[in-house]
1. For region 40-66: of the residues being open to solvent by 70 Å² or more (accessible area, probe 1.4 Å) and at pLDDT 95 or above, which is farthest from D105 (Cα to Cα)?
2. In region 9-39, what count of residues is obtained for those that are farther than 20 Å from P124 by Cα and either at pLDDT 95 or above or part of a helix (DSSP H, G or I) (or both)?
3. Of the conditions (1) modelled with pLDDT under 95; (2) within 18 Å of the chain's Cα centre (by Cα); (3) within 25 Å of A14 (Cβ to Cβ), A83 fails just one. Which one is it?
4. When region 70-106 is examined, which residues are found to be open to solvent by 50 Å² or more (accessible area, probe 1.4 Å) and part of a helix (DSSP H, G or I)?
Amino acid sequence: AQGRPTPNANDVAAKLAVQAVESGLKTIVFVQNAGHASTTASKIAERLPHVVALSEVEQQMWAGVVAELGGEEYSLVKPRDAALPHNGDMITLERRLVESLFRKDDGATAVVATPTLAQGMNLPAQLAILAGDKRHDVGGRASLEAHEILNAAGRAGRAGHLANVVVIM
């Protein structure tokens, strides 16, 4: 029996992210939907060592996440993972924790997000990987608009932080 071909952009992006992180690059990966952000972050994290302990402020944020969700098993974040999701399915405190962990030199080294969150993110990264030019929409898959692609690409580097960056699509 012949199977149908399936897209592998997220798997390719995950492998690129692992190699980039292993080379010392802070990396943001953009995937098509919120569910893919969590699974792709997990795939990257299982191939990388855990990060150092959380700061006191991050421990307080994590305690707040656990209290609000009713247990750490309900969070999309595993705060000691090197790769973390960042998407609209997360509560605000989870997203703030991920942002804090990614900004630290000894914190998370990869973030996996959706293109819709690219606008609000101010996380300096040395590499941005766009796993395709589509997003999940009400009617199925829709092409990203040019400004959405440029906005996601613009997450690599930030004025005053990083001048030399790479974007892979």
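The values are calculated or read from the model by the stated rules, or taken from the named source; none is laboratory data. Just so you know, these numbers come straight off a predicted model, no measurement behind them. Glycine gets a Cβ as well: all are built from the backbone with ideal geometry, and neighbour counts include every protein chain shown. With ligands, DNA and RNA removed, areas are computed over all heavy atoms of the protein, side chains included. Shrake-Rupley method; radii C 1.70, N 1.55, O 1.52, S 1.80 Å.
1. By that ranking, first place goes to K43.
2. Just the residues of region 9-39 that are farther than 20 Å from P124 by Cα, to begin with: 9-12, 15, 32-36, 38-39.
With the extra rule that they be either at pLDDT 95 or above or part of a helix (DSSP H, G or I) (or both), the set shrinks to 9-12, 15, 34-36, 38-39.
Residues meeting the conditions: 10.
3. With respect to (1) modelled with pLDDT under 95; (2) within 18 Å of the chain's Cα centre (by Cα); (3) within 25 Å of A14 (Cβ to Cβ), A83 is out only on (1).
4. Those that are open to solvent by 50 Å² or more (accessible area, probe 1.4 Å) and part of a helix (DSSP H, G or I): E72, E73, Y74, T92, R95, R96, R103.
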